[in-house]
């Protein structure tokens, strides 16, 4: 069964906020694995429907949403590393 990516992300964030100081990382991981927010599959339209938040998407749409939510933002260190990499390239490679 497919889990709703939006509801799952909200629940995962709530688990991290509640258990940040009190639990070990293994305990948090166990709680995250227990989260289940199944989506109902509509065979006529071939879409998944979340009964909790109302998300209505195809399998590809669900995967795209999951990828977008799991993508981490570029930090300042990442940008500095990219600039350093660019600066150290030869002049021909920069163009």
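A few remarks follow.
- Within the range 18-75, the set of residues being surrounded by 12 or more Cβ atoms within 10 Å (Cβ to Cβ), assigned to a loop (DSSP other than H, G, I, E, B) and at pLDDT below 80 comprises just one member, 23.
- Filter result for residue 15 (on the phi < 0 side of the Ramachandran plot, in contact with a helix residue (DSSP H, G or I) (Cβ under 8 Å, 6 or more places away or on another chain) and in contact (Cβ under 8 Å) with a residue 40 or more places away in the chain): no
The values are calculated or read from the model by the stated rules, or taken from the named source; none is laboratory data. On a predicted model such as this, the values are computed, not experimentally measured, just so you know. We place every Cβ from the backbone using ideal geometry, glycine too, and count neighbours over all the protein chains shown.
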